[in-house]
Amino acid sequence: MNAILASLKASALSAKAEVYRTPIIAKSPPGSMLRPPSKIADLRTQTGLGATTKRKGADIIAPKGMQPQLETGLQIPTANRQIKMPVSKIEKPHVGTVHAGRRSSSGFKVTPKQDRNANSISAAFADIANIGDGPKFTTGALPRPAQGGARGGSRQAARPGVGRRVPATRTSVTQGRANGGKVANAAAAAPSKLTSSNLPLPGSIKRRRIDAPETPGTNPFSFTTEIAGKPSIKTSENANEAEDDNDNEDEDDDEDDDDEKDIGPPPVLRTRAHNDYDGRLKDLEAFSRYMIKKNKTTRKKKKLLSVELEQNSVQVTQLEYDNKILTAKLEDAEKQARLLQTTIEGHERRLQAEKRRHEDEIDDLQRKHKRQSEQLEDEQRTLKKAIADLQETLDTTKSTLQSKREECIRLEATISKQASDQVEMESGNRNLKAKVEHLEDVVNEREIRIAELEDDVASRSQTVNELEEKLRKEETMRRRLHNTIQELKGNIRVFCRVRPLLSEEKNASASLPINFPECDDNNEIELAQSSENALGKTTSKVFPFKFDRVFAPQSSQDVVFEEVSQLIQSALDGYPVCIFAYGQTGSGKTHTMQGPDTITSATNEADLGIIPRAVKQIYENTSNLSERGWEYTLEGQFLEIYNETLQDLLAPSSRNTQGSEKQAKLDIYQDNEGHTRVKNITAIKVDSAERVNWLLARAAENRTVAATNCNERSSRSHSVFTLYLCGKNSLTGESSTGVLNLIDLAGSERLSSSGSSGDRLKETQAINKSLACLGDVIAALAKGNRHVPYRNSKLTHLLQESLGAGNSKTLMFVCVNPNSTSAQESLCSLQFATKVNSCQIGTARRQAAS
Ligand SMILES: Nc1ncnc2c1ncn2[C@@H]1O[C@H](COP(=O)(O)OP(=O)(O)OP(=O)(O)O)[C@@H](O)[C@H]1O
């Protein structure tokens, strides 16, 4: 749209410029009056005209003594303003003939010249031009002349020779070369109507010089002006001269010769005598001749000026004609410009509307673009995040892919290997098939054999069942026999164990002189004791002791437990068993019953004492017994008797700490079945051998807490581990309830040798009391007293069921310290053990439901 508007504006401007440029060109038409400055100067020199006034765009030549008055171009004398060219008659312009006038006040006399052809500009041009052979005006591309025009008139008017009189001021119009050089009548040649469209373009005006003929008297500076579509006007001084012929033709004939002469200075009128009439007459005659000459010269000049004037008039007419044409073109151009302006305004309005619409569209598009940009930015952020996630996934996938590739490579290698293996296997398979066929035959044979064997198995399984039944009966028999053996061994037995000297004891003191006489039963021990009598003589006395078994210091835990395991089996068979260790502090009671103070999974099994080994044996035996229909549940409890007070060693540790929940009082009672039980005691199911380790660890922990309050608590209290074994045989319907009491008694130091006082004395008294009660109970059982004082101490009360109650089995370990410093205490312990060993407690009775 902008391009269309720009082209429209450019065409309008070019039209305007063309219109306004035309008068400028018309101001300086080629001709005699408006010549190049150099030509004008030459002409002025030749004609003796006055000063030249230079105007913008043209040189204006005025006669000597006459100032130019025209604003543009040439001021035509008033007398010649008969040259009019009404606009309405442009198609037939009037051109007045310019004549050399009469002398006027300004030196020229101007008279109206007869209009030879007032209705035809061509006639006027013909009057001016076509004089003799001189330069001519040609009409160029003017419209064709009217019929009957002066075709070839110029030829007829042309007369050869110079200086020959020709009709005054003749102008011919020719049709140019297109008409074959024939002269056309100007009137006939004029267009019927001049319009801007058929007017000649200003740019088509051509100016060329036509060489003047070499004829004397011809103005060498005459020009032929050709205007395309317009008549050419030819001017020459010959024409001017001819124009004057109408007025002074005769006079000029005589005076032509004098024209070229210099009239010289006026004659001098000398002073003569008044009566010198001849002289004065001569002077007057001379002066008269001079004046006549001068008059001739003046008239000649006037002629030239008249010619100039005529030429100017023609020029003016031509300019007016051009002016009107250009005015018409200007009007057309202005009309067109207005039209274009209207069109432009319309275009501009449409453009404004388009512009507004486009601006609205641009705003909409910008809003849309902004929204889309925001959406795109959001999408870009989302995409970036997705790309990052994808990149991460890609990396993970790449690494996975890499590992998969490596795996594929491995698999391919494996596949190729497997393929080769498959080939081998196929060949092997074929061999195998052959073998299979062979074996199938064998199998068939063997199936027959199997059928025979199944019959045999069936008969044998019946035998097995019969044997199992027999085994169960034998198991029952075994239990009875085992118990009988135990009874034969004694329901209360005593083992003696002497611990080795500790590393720190080996250098400090001499070991006790203990002797283990060689015997098959390993049940003797001799304690040598030297004493000094009143005479100062040292006497040595040997105290022999005999127990059910004596274990020397090198005896391991395994050897000790091997003798004990028979009693553990009795407990599993449903008998109350009580094993306790007796001896002074540090004699090895705890080592025998438990082993190390703290038992963990890292503890060496060889160091384990009777308690963990007993539980392990029980589990192994219950597993074996399950094949014979026995199912057992084990429940354990661990308590200590300190100063005749029961303490639960398996209670949660919080119950034993100060300020925490106070432990409920533990009371000993007998349940409905006559079993001795402890009220409020913590009973823990022992469902594995390892559970016992945890149980012992908790007991040790609770004992450690108590030891912080009471010095060497473990040595000053009795600890009792009780395991209840309840078994049921689903096959025989038998059941059994065994009790295993494993007791680590307090140190058995005598009160006198302990040197105790205060709390320690009280502790020792309590220990001695309970141990004395234990002795009393055993003595009562040995005597067969009806009353056995079990309730004299917490210990005997607790062991009532397991200590001599008919069916119970009791084993006492008397532990001996090999240190010589403990000789007296060791002797007392061995003496106490001998008393216990001498007891014969009644026949043990199995606690069976049936
Ligand atoms: N048969 C043995 N072999 C090796 N060392 C033993 C043996 N018997 C006991 N000992 C060691 O002797 C020391 C004392 O033993 P232990 O603590 O068992 O005596 P105790 O009679 O239980 O004393 P307490 O009455 O103070 O508890 C311990 O260091 C223990 O390891």
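Name the one entry in Leu330, Leu281 that is free of Cβ contacts under 8 Å to residues at least 12 places away in the same chain, more than 60 Å from the chain's Cα centre (by Cα) and part of a helix (DSSP H, G or I).
When all the criteria are applied, what remains is Leu281.
Taking region 727-768 on its own, how many of its residues are at pLDDT 80 or above and surrounded by 15 or more Cβ atoms within 10 Å (Cβ to Cβ)?
18
So Phe495 ticks every box in (1) surrounded by 12 or more Cβ atoms within 10 Å (Cβ to Cβ); (2) of a type outside the set (D, E, K, R); (3) in a helix (DSSP H, G or I) but one. Which box is left unticked?
In the conditions (1) surrounded by 12 or more Cβ atoms within 10 Å (Cβ to Cβ); (2) of a type outside the set (D, E, K, R); (3) in a helix (DSSP H, G or I), Phe495 misses (3) alone.
Restricting attention to region 807-828, report how many residues are assigned to a helix (DSSP H, G or I), more than 11 Å from the ligand (Cβ to nearest atom) and over 19 Å from Lys546 (Cα atoms).
Of the residues in region 807-828, 2 are assigned to a helix (DSSP H, G or I), more than 11 Å from the ligand (Cβ to nearest atom) and over 19 Å from Lys546 (Cα atoms).
Consider Thr463 carefully, then state whether it is closer than 22 Å to Asn624 by Cβ and either open to solvent by 100 Å² or more (accessible area, probe 1.4 Å) or without any contact (Cβ under 8 Å) to a residue 24 or more places away in the chain (or both).
Taking the combined requirement at face value, the residue satisfies it.
State whether one or more residues within region 640-653 are open to solvent by 20 Å² or more (accessible area, probe 1.4 Å), within 14 Å of the ligand (Cβ to nearest atom) and over 60 Å from the mean Cα position of the chain (by Cα).
Looking through region 640-653, at least one residue is open to solvent by 20 Å² or more (accessible area, probe 1.4 Å), within 14 Å of the ligand (Cβ to nearest atom) and over 60 Å from the mean Cα position of the chain (by Cα).
Listed here are the residues, each with its yes/no results for (1) touching a residue at least 40 places away in the same chain (Cβ under 8 Å); (2) surrounded by fewer than 19 Cβ atoms within 10 Å (Cβ to Cβ); (3) not basic (Lys, Arg).
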{"residue": "Val542", "(1), (2), (3)": "no, yes, yes"}
{"residue": "Arg549", "(1), (2), (3)": "yes, no, no"}
{"residue": "Leu567", "(1), (2), (3)": "yes, no, yes"}
{"residue": "Val577", "(1), (2), (3)": "yes, no, yes"}
{"residue": "Phe580", "(1), (2), (3)": "yes, no, yes"}
{"residue": "Gly583", "(1), (2), (3)": "yes, no, yes"}
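Looking at this structure, is Thr622 closer than 23 Å to Lys769 by Cβ and assigned to a helix (DSSP H, G or I)?
No.
It is to be established whether one or more residues within region 427-444 are part of a helix (DSSP H, G or I), within 29 Å of Arg628 (Cα to Cα), among the charged types (D, E, K, R) and open to solvent by less than 100 Å² (accessible area, probe 1.4 Å).
No: region 427-444 contains no residue that is part of a helix (DSSP H, G or I), within 29 Å of Arg628 (Cα to Cα), among the charged types (D, E, K, R) and open to solvent by less than 100 Å² (accessible area, probe 1.4 Å).
Based on what the data block shows, is Ala614 part of a helix (DSSP H, G or I) and within 14 Å of the ligand (Cβ to nearest atom)?
no
Quick check: is even one residue across region 576-585 touching a helix residue (DSSP H, G or I) at 6+ places or on another chain (Cβ under 9 Å), closer than 22 Å to Trp694 by Cβ and within 16 Å of the ligand (Cβ to nearest atom)?
Yes, some residue in region 576-585 is touching a helix residue (DSSP H, G or I) at 6+ places or on another chain (Cβ under 9 Å), closer than 22 Å to Trp694 by Cβ and within 16 Å of the ligand (Cβ to nearest atom).
Here are Ile610, Ile618: which of them is over 60 Å from the mean Cα position of the chain (by Cα), within 24 Å of Leu567 (Cα to Cα) and either modelled with pLDDT of 90 or more or open to solvent by 30 Å² or more (accessible area, probe 1.4 Å) (or both)?
Matching residue, one of Ile610, Ile618: Ile610.
Glu518 - would you say it is surrounded by fewer than 19 Cβ atoms within 10 Å (Cβ to Cβ) and either within 14 Å of the ligand (Cβ to nearest atom) or among the β-branched types (Val, Ile, Thr) (or both)?
It is false that Glu518 is surrounded by fewer than 19 Cβ atoms within 10 Å (Cβ to Cβ) and either within 14 Å of the ligand (Cβ to nearest atom) or among the β-branched types (Val, Ile, Thr) (or both).
Does Thr539 count as away from the ligand (no atom under 16 Å from the Cβ) and either within 30 Å of Glu620 (Cα to Cα) or of a type in the set (Val, Ile, Thr) (or both)?
yes
Taking the criterion of being over 27 Å from Asn491 (Cβ atoms), among the small types (Gly, Ala, Ser), more than 60 Å from the chain's Cα centre (by Cα) and more than 16 Å from the ligand (Cβ to nearest atom), would at least one residue in region 626-634 satisfy it?
Yes: one or more hits.
Of the conditions (1) at pLDDT 75 or above; (2) assigned to a helix (DSSP H, G or I); (3) surrounded by fewer than 21 Cβ atoms within 10 Å (Cβ to Cβ); (4) aliphatic (A, V, I, L, M), Ala707 fails just one. Which one is it?
Among (1) at pLDDT 75 or above; (2) assigned to a helix (DSSP H, G or I); (3) surrounded by fewer than 21 Cβ atoms within 10 Å (Cβ to Cβ); (4) aliphatic (A, V, I, L, M), the lone unmet condition for Ala707 is (1).
Please verify whether Phe561 is of a type outside the set (Ser, Thr, Tyr), within 16 Å of the ligand (Cβ to nearest atom) and either open to solvent by less than 10 Å² (accessible area, probe 1.4 Å) or in contact with a His (Cβ under 9 Å, 6 or more places away or on another chain) (or both), treating the condition exactly as stated.
No, not satisfied.
I need every pair where a residue in region 493-506 that is touching a residue at least 60 places away in the same chain (Cβ under 8 Å) has its Cβ under 6 Å from the Cβ of a residue that is outside any strand (DSSP E or B) and among the aliphatic types (A, V, I, L, M), sequence separation at least 6 or different chains.
Partner pairs satisfying both residue conditions: Val494/Ala833; Val494/Val836.
Pull up region 586-609, narrow it to residues that are under 13 Å from Arg499 (Cα atoms) and not in a helix (DSSP H, G or I), then point me to the one that is farthest from the ligand (Cβ to nearest atom).
So, considering only residues that are under 13 Å from Arg499 (Cα atoms) and not in a helix (DSSP H, G or I), the one farthest from the ligand (Cβ to nearest atom) is Gly595.
When Asp573 is evaluated against the numbered criteria (1) near the ligand (Cβ under 8 Å from one of its atoms); (2) crowded, with 24+ Cβ neighbours inside 10 Å; (3) more than 18 Å from Arg493 (Cα to Cα), which criterion, by number, is the only one it fails?
Failing condition for Asp573: (1).
The values are calculated or read from the model by the stated rules, or taken from the named source; none is laboratory data. These numbers come from a predicted model, not from an experiment. Cβ sites come from the backbone with ideal geometry, for glycine too, and all protein chains shown count toward neighbours. The accessibility values were calculated without ligands, DNA or RNA, using every heavy atom of the protein model including side chains. Shrake-Rupley method; radii C 1.70, N 1.55, O 1.52, S 1.80 Å.
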